[in-house]
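Colleague: Below is one structure. I have some questions about it.
Just so you know, all these numbers are worked out from the coordinates, no wet-lab data involved. Since the model is a prediction, treat every value here as computed from it, not as a measurement. Don't worry about glycine lacking a Cβ; one is built from the backbone with ideal geometry, like all the others, and counts go over all protein chains shown.
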Amino acid sequence: MEQHALEQLKAIAKVSPTYAHLEMTRRERLERWAEILDRSPRQFLRTLHETEYQPITERMAMRGDDSPISVAFADPVLRAAGMENDSYGEAKRFFELSDHQLHDIVCFCHFGEHVSAAVVARRLRSIADHKPGGFFSRLRAFFG
């Protein structure tokens, strides 16, 4: 891979140091993640080990190559929409998920070492389609 100074690149290409931030709703982000996973539904992805037992700082930093979260981060559309890395904490923030919801998507205790992309896509769509019910579900969402 060749590297060039910014001034050299300006001579041969239009270079913009900033990029437009793509605005997406929570539902659109979750649907996009599910669509990406559906491109290879039989692909098996690595889970994260015992997310619910990790101290909060360690949980937020958890990541894994070939995980459902790393698949989302590899997508240029989701990165343009603001996804900053492939950690558990970033997935929680970016997709606006509770710990309970993200645990149900990526944790080892539900699937073992691997989970199919199709299963994760179904769970994401279920979360995207969910309409919170009453007072207790709003409390659960608030406290994560």
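Colleague: Under 18 Å from a point 7 Å along the Cα-to-Cβ line of Phe136: which residues of the range 68-106 have their amide N that close?
Modeller: Output list for this probe position: 100-101.
Colleague: Let me check against my output: what whole-number percent is the relative contact order of the range 23-129, with C-alpha pairs under 8 Å and at least 6 apart?
Modeller: That works out to 43 percent.
Colleague: Additional query: Going by amide H atoms built from the backbone, whose H comes under 5 Å of the H on Ser116, apart from near neighbours?
Modeller: For Ser116, whose amide H was placed from the backbone, the distant partners under 5 Å are Leu45.
Colleague: Taking each pair of different alpha-carbon atoms in the range 34-102 once, compute 1/r for the pair, average those values, and report the inverse of that mean as the Kirkwood hydrodynamic radius in Å to one decimal.
Modeller: Across the range 34-102, the inverse of the average 1/r is 12.5 Å.
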